[in-house]
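Please read the structure below before turning to the comments.
The values are calculated or read from the model by the stated rules, or taken from the named source; none is laboratory data. These figures come from a predicted structure and were not determined experimentally. Please note: Cβ atoms are built from the backbone with ideal geometry, for glycine as well, and neighbour counts cover all protein chains shown.
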Amino acid sequence: MDIQHLVDRLEDLIDEGRHVPFSKYTLIDEERALEIIDQMRISIPEEIEKAARVLAQRDRILAQANEEAARLVQLARERGDQMVDRESTVQAAQSRAANIIEAAHQEASNITNDADGYVLETLSDLEQQLIKILTVVRNGINQVHVAPAPEPTEAEKQPKPPSQAQFAPPPRESVEVAARRADNQQQ
């Protein structure tokens, strides 16, 4: 399933949720949200497989370009060898062979650059989609996890009786330390 479609479904689920009055919170169907998130987890590896296929296609194109370059180099060498036999055209043959080799290398370089650009563009698009999905998922999770604090019950509103620890006399050491301080201040 297309990851963009899943993001749209998650967004629709959030839009369909009930808004909590006087707050920014929305209640959504947790089961449907988790189902969509599970489908996203399944779909993301598919997007990664697409990227892997693009990389494999790039490697195949590079291999073809290298084979074509080798064929052109071999063809240039054969033609060069044939032209060496003719004394008057030796220099022209070498020049032409060098041009063919340079053209082959240039063509291979262009094909490589085009393939790299395509892969980079595809992976950048995938990255942007994944960032959007991650943002939507995090926002959805935050919306689900952030809930208003419950109102205190009547029992919680009643004052609590003081504990005996509040009325216990201070420890003996602190009374003695306080008495020494008072004596030192009077002197």
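Taking the condition at pLDDT below 85, hydroxyl-bearing (Ser, Thr, Tyr) and out of contact with any strand residue (DSSP E or B) (no Cβ under 9 Å at 6 or more places or on another chain), does SER23 pass?
Values: at pLDDT below 85: no; hydroxyl-bearing (Ser, Thr, Tyr): yes; out of contact with any strand residue (DSSP E or B) (no Cβ under 9 Å at 6 or more places or on another chain): yes.
Judged against the criteria, SER23 is not a match.
Do the conditions hold for ALA182, that is, is it hydrophobic (A, V, I, L, M, F, W, C) and either exposed (fewer than 11 other Cβ atoms within 10 Å of the Cβ) or modelled with pLDDT of 90 or more (or both)?
Taking the combined requirement at face value, the residue satisfies it.
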Some residue of segment 47-55 being in a helix (DSSP H, G or I), over 29 Å from the mean Cα position of the chain (by Cα) and not aromatic (Phe, Trp, Tyr): no
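Within segment 1-22, can you find the residues that are among the aliphatic types (A, V, I, L, M) and either over 12 Å from GLN143 (Cβ atoms) or in a helix (DSSP H, G or I) (or both)?
MET1, ILE3, LEU6, VAL7, LEU10, LEU13, ILE14 - these are the residues of segment 1-22 that are among the aliphatic types (A, V, I, L, M) and either over 12 Å from GLN143 (Cβ atoms) or in a helix (DSSP H, G or I) (or both).
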Leading residue by the ranking (modelled with the highest pLDDT) among those in segment 109-155 that are of a type in the set (A, V, I, L, M) and farther than 28 Å from MET40 by Cβ: ILE111
Residue in segment 31-38 that is surrounded by 15 or more Cβ atoms within 10 Å (Cβ to Cβ), at pLDDT 85 or above, more than 18 Å from the chain's Cα centre (by Cα) and part of a loop (DSSP other than H, G, I, E, B) present: no
Candidate set: segment 90-145, residues that are of a type in the set (Lys, Arg) and in contact (Cβ under 8 Å) with a residue 12 or more places away in the chain; chosen: the one surrounded by the fewest Cβ atoms within 10 Å (Cβ to Cβ): LYS132
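Yes or no, residue by residue, for (1) in contact (Cβ under 8 Å) with a residue 40 or more places away in the chain; (2) under 30 Å from ASP12 (Cβ atoms); (3) of a type in the set (Val, Ile, Thr):
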site	(1), (2), (3)
ILE28	yes, yes, yes
GLU35	no, yes, no
ASP38	no, yes, no
SER43	yes, yes, no
LYS50	yes, yes, no
ALA65	yes, no, no
ALA70	no, no, no
LEU75	no, no, no
